[in-house]
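Right, one structure below, let's go through it.
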2 protein chains.
Amino acid sequence: MALPVILLNCIGNEHKDYIKQQVQIKNPYLDTMEEDILYHFSLSTKTHNLPEMFGDTKFVCVGGSANRMRAFAQFMHHEMKLTGTPEDIRDICEATDRYCMYKVGPVLSISHGMGVPSISIMMHELIKLLHHAQCRDVVLFRLGTSGGVGLAPGTVVITDKAVDYSFRPRFEQVVLGKVIIRSTELDEGVAKELLQCSNELQNFPTVIGNTMCTHDFYEGQGRLDGALCSFSHEEKLEYLRKAYEAGVRNIEMESTVFASMCRVCGLKGVYL
Amino acid sequence: MALPVILLNCIGNEHKDYIKQQVQIKNPYLDTMEEDILYHFSLSTKTHNLPEMFGDTKFVCVGGSANRMRAFAQFMHHEMKLTGTPEDIRDICEATDRYCMYKVGPVLSISHGMGVPSISIMMHELIKLLHHAQCRDVVLFRLGTSGGVGLAPGTVVITDKAVDYSFRPRFEQVVLGKVIIRSTELDEGVAKELLQCSNELQNFPTVIGNTMCTHDFYEGQGRLDGALCSFSHEEKLEYLRKAYEAGVRNIEMESTVFASMCRVCGLKGVYL
């Protein structure tokens, strides 16, 4: 419950100077294409009027689970006192089961599945969607579950930098067989703004820290209960201790590509 | 339609010598645990009688899309002439939205989402499930969509080796911050058996070839219509030509971890 309440407190601030910009597509071919199909959203520039459907979007909130992102959209619908009943909101992507998407007022709520590849597909198509819809001043929030490192359960971690398994703030993207390194530092301004909102609310312990992104849930995160486990309890604790020393405060599976794509495309992103 | 028909033709052969073995868990802690929770299936050794629910499983079929795996289970229900109506099959994982799972006779049909991390979580929990349920002689089939390389659309590719972006038959698994290399060669016996089934049916062009696994759908696979694109049409074709020369016949996003986990755990796996 902490995340939507903190977010809701921020909604009024949508015209802050630091979010006054348009999403930048980094693809010279895109605007020359007759049609752009957003395959995994089941939307297209030919079959849908994207500016009409999405042009007023100011906040995009993404999270792994489809049910949770529906519940979040219903919560926001209720809190923003929109007309209609929250239970009747429609999944805009109902023609596909890859992701789900709900729009309530200026808030878009989208699921992204689990892991870097899954959220990466969603990010490509979301960024194109915001571009085609001519959206301006958009802030992207990731609201997700993660495992805390050295923190009391329930603590909200606002990500400073997303780091890889070696605690480096970088994302390795393979482009036609070549590895490209991209930076994963997130926007400081929005993170601080959010921390301040949280502090004012008082009820939700919140910290700013690094988030470590792994590519699996078991061996990469030191779990002893996977189908494969080749390390001891002590080795696991040693790794988590090193992570903590490197500033890691939580571990999850999507942050590096989220942060790197936000940076490249000039999108203000917050990762919770 | 090709895949279920080919598979159905194989169902009668469930007692082949090459599949006479039990799934091997490679985790010394697992059998000492009081309870094993399969978090992403919403199942547990304490709350569910796994041997009773799953003990007779002989074929596990997995694919990315939840809707498709439900349709596949309904198709198999119909073809195997089971009692009850195909439309009434129940999602065993309905308490979670991470994956869906249907059981029809000896066939288990499970969705795995998109990308290596997503299927990796499913594989860990599936292998533990088969172990707890004391299943024997199980064959695992992946039935999925993929992009063909130099093949007529609709051709079924049975994977020989899963290869990475450099066409190497290997999977890099990070274990507590260290990179471990695992082999990704799939079982030759089951692949040849499946090819023979397909040849007998005649209607479905089928080849055995390498499958390249990428970690994204756009930049890694040479698509010109992502939010980011830094290469030319010619560079894309050059990369695909090199892939073809290295034996790659299709490209998708989950094969390397599927193949490597099948090998490590002694599970006969076929990747379509």
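Need the failing condition index for A:Ala95 against (1) more than 8 Å from chain B (Cβ to nearest Cβ); (2) touching a residue at least 24 places away in the same chain (Cβ under 8 Å); (3) within 20 Å of B:Thr96 (Cβ to Cβ); (4) open to solvent by 10 Å² or more (accessible area, probe 1.4 Å), just the number.
With respect to (1) more than 8 Å from chain B (Cβ to nearest Cβ); (2) touching a residue at least 24 places away in the same chain (Cβ under 8 Å); (3) within 20 Å of B:Thr96 (Cβ to Cβ); (4) open to solvent by 10 Å² or more (accessible area, probe 1.4 Å), A:Ala95 is out only on (3).
Going by the structure shown, is B:Leu151 more than 8 Å from chain A (Cβ to nearest Cβ), in a helix (DSSP H, G or I) and more than 20 Å from B:Thr256 (Cα to Cα)? Steps first, answer last, please.
Values: more than 8 Å from chain A (Cβ to nearest Cβ): yes; in a helix (DSSP H, G or I): no; more than 20 Å from B:Thr256 (Cα to Cα): yes.
Spelling it out, it is not the case that B:Leu151 is more than 8 Å from chain A (Cβ to nearest Cβ), in a helix (DSSP H, G or I) and more than 20 Å from B:Thr256 (Cα to Cα).
Inspect all residues belonging to the stretch B:252-263 and state whether any of them is more than 8 Å from chain A (Cβ to nearest Cβ) and out of contact with any strand residue (DSSP E or B) (no Cβ under 9 Å at 6 or more places or on another chain).
No, every residue in the stretch B:252-263 fails to be more than 8 Å from chain A (Cβ to nearest Cβ) and out of contact with any strand residue (DSSP E or B) (no Cβ under 9 Å at 6 or more places or on another chain).
Name, by its number, the condition in (1) without any contact (Cβ under 8 Å) to a residue 12 or more places away in the chain; (2) of a type in the set (D, E, K, R); (3) within 11 Å of another protein chain (Cβ to nearest Cβ) that does not hold for A:Lys236.
The number of the failed condition is (1).
Hey, could you check the stretch A:194-225 for residues that are more than 22 Å from A:Phe167 (Cβ to Cβ) and either modelled with pLDDT of 95 or more or assigned to a loop (DSSP other than H, G, I, E, B) (or both) and say which is nearest to the other protein chains (Cβ to nearest Cβ)?
My answer is A:Asp225.
Out of all the residues in the stretch B:75-90, which are in contact (Cβ under 8 Å) with a residue 24 or more places away in the chain and farther than 16 Å from B:Val62 by Cβ?
Within the stretch B:75-90, the subset in contact (Cβ under 8 Å) with a residue 24 or more places away in the chain is B:75-77, B:79-80.
Across the stretch B:75-90, the qualifying residues are B:His77, B:Glu79, B:Met80.
Any idea which of (1) under 18 Å from the mean Cα position of the chain (by Cα); (2) under 28 Å from A:Tyr29 (Cβ atoms); (3) open to solvent by 10 Å² or more (accessible area, probe 1.4 Å); (4) within 13 Å of chain B (Cβ to nearest Cβ) is the one A:Arg170 doesn't satisfy?
Every condition holds for A:Arg170 apart from (4).
Could you please find all residues in the stretch A:1-55 being among the small types (Gly, Ala, Ser) and at pLDDT below 60?
First, pick out the residues of the stretch A:1-55 that are among the small types (Gly, Ala, Ser): A:2, A:12, A:42, A:44, A:55.
Once the filter is applied, which keeps residues that are among the small types (Gly, Ala, Ser) and at pLDDT below 60, the stretch A:1-55 yields A:Ala2, A:Gly12.
Residues that are under 29 Å from A:Lys192 (Cβ atoms) and open to solvent by less than 20 Å² (accessible area, probe 1.4 Å): does the stretch A:146-154 have at least one? Outline the logic, then answer.
Step one: of the stretch A:146-154, the residues under 29 Å from A:Lys192 (Cβ atoms) are A:146-154.
Restricting the remaining residues to those that are open to solvent by less than 20 Å² (accessible area, probe 1.4 Å) gives A:149.
Taking every residue of the stretch A:146-154 in turn, at least one turns out to be under 29 Å from A:Lys192 (Cβ atoms) and open to solvent by less than 20 Å² (accessible area, probe 1.4 Å).
Being of a type in the set (A, V, I, L, M), in contact with a strand residue (DSSP E or B) (Cβ under 6 Å, 6 or more places away or on another chain) and part of a loop (DSSP other than H, G, I, E, B) is the filter; apply it to the stretch A:83-122 and report the residue that is farthest from B:Asp216 (Cα to Cα).
Step one: of the stretch A:83-122, the residues of a type in the set (A, V, I, L, M) are A:89, A:92, A:95, A:101, A:104, A:107-108, A:110, A:114, A:116, A:119, A:121-122.
Retained after the next criterion (residues that are in contact with a strand residue (DSSP E or B) (Cβ under 6 Å, 6 or more places away or on another chain)): A:89, A:92, A:101, A:107-108, A:110.
Of the ones still in play, those that are also part of a loop (DSSP other than H, G, I, E, B) are A:89, A:92.
On the way: A:Ile89: 30, A:Ile92: 23 Å.
My answer is A:Ile89.
Does the stretch B:178-193 hold any residues that are open to solvent by less than 20 Å² (accessible area, probe 1.4 Å) and either acidic (Asp, Glu) or at pLDDT 95 or above (or both), and which are they?
B:Thr184
Collect the residues in the stretch A:45-91 that are among the hydroxyl-bearing types (Ser, Thr, Tyr) and more than 14 Å from A:Met101 (Cβ to Cβ), keeping them in residue-number order.
Going through the stretch A:45-91, the residues among the hydroxyl-bearing types (Ser, Thr, Tyr) turn out to be A:45, A:47, A:57, A:65, A:83, A:85.
Result: A:Thr45, A:Thr47, A:Thr83, A:Thr85.
Determine, yes or no, whether B:Ala162 is away from every other protein chain (no Cβ under 12 Å), surrounded by 23 or more Cβ atoms within 10 Å (Cβ to Cβ), under 20 Å from B:Gly63 (Cα atoms) and touching a residue at least 60 places away in the same chain (Cβ under 8 Å). Even if it seems obvious, please write down each step before you answer.
Numbers: away from every other protein chain (no Cβ under 12 Å): yes; surrounded by 23 or more Cβ atoms within 10 Å (Cβ to Cβ): yes; under 20 Å from B:Gly63 (Cα atoms): yes; touching a residue at least 60 places away in the same chain (Cβ under 8 Å): yes.
For B:Ala162, the condition - away from every other protein chain (no Cβ under 12 Å), surrounded by 23 or more Cβ atoms within 10 Å (Cβ to Cβ), under 20 Å from B:Gly63 (Cα atoms) and touching a residue at least 60 places away in the same chain (Cβ under 8 Å) - is met.
Out of (1) of a type in the set (Asp, Glu); (2) under 14 Å from A:Gly177 (Cα atoms); (3) under 16 Å from the mean Cα position of the chain (by Cα), the odd one out for B:Glu238 is which?
(3)
Give just the number: which of (1) of a type outside the set (Phe, Trp, Tyr); (2) away from every other protein chain (no Cβ under 14 Å); (3) out of contact with any helix residue (DSSP H, G or I) (no Cβ under 7 Å at 6 or more places or on another chain) does B:Thr184 not satisfy?
(3)
Out of the stretch A:70-85, which residues are open to solvent by 60 Å² or more (accessible area, probe 1.4 Å) and within 18 Å of the chain's Cα centre (by Cα)?
Scanning the stretch A:70-85 gives a single hit, A:Arg70.
If you take the residues in the stretch A:42-69 that are within 14 Å of chain B (Cβ to nearest Cβ) and without any contact (Cβ under 8 Å) to a residue 40 or more places away in the chain, which one is farthest from the chain's Cα centre (by Cα)?
By that ranking, first place goes to A:Lys46.
In the stretch B:123-145, what residues are assigned to a helix (DSSP H, G or I), touching an Asp or Glu at 6+ places or on another chain (Cβ under 7 Å) and open to solvent by 10 Å² or more (accessible area, probe 1.4 Å)? It would help to see each step written out before you state the result.
Within the stretch B:123-145, the first condition is being assigned to a helix (DSSP H, G or I), and the residues that meet it are B:123-132.
Add one more test, that the residue is touching an Asp or Glu at 6+ places or on another chain (Cβ under 7 Å), and what stays is B:128, B:132.
The answer is B:His132, and nothing else.
Which of the residues that make up the stretch B:226-262 are in a loop (DSSP other than H, G, I, E, B) and either surrounded by fewer than 17 Cβ atoms within 10 Å (Cβ to Cβ) or among the acidic types (Asp, Glu) (or both)? Give the steps one after another, and end with the answer.
Of the stretch B:226-262, the ones in a loop (DSSP other than H, G, I, E, B) are B:226-227, B:229-232, B:246-247, B:253-254.
Answer for the stretch B:226-262, where residues must be in a loop (DSSP other than H, G, I, E, B) and either surrounded by fewer than 17 Cβ atoms within 10 Å (Cβ to Cβ) or among the acidic types (Asp, Glu) (or both): B:Ser230, B:Phe231, B:Ser232, B:Ala246, B:Glu254.
The values are calculated or read from the model by the stated rules, or taken from the named source; none is laboratory data. Keep in mind the model is a prediction, meaning the values are calculated, not measured. A quick note on method: Cβ atoms are made from the backbone with ideal geometry, for glycine too, and the neighbour counts reach across all protein chains shown. Side chains included, ligands, DNA and RNA excluded: accessible areas come from the protein's heavy atoms. Shrake-Rupley method; radii C 1.70, N 1.55, O 1.52, S 1.80 Å.
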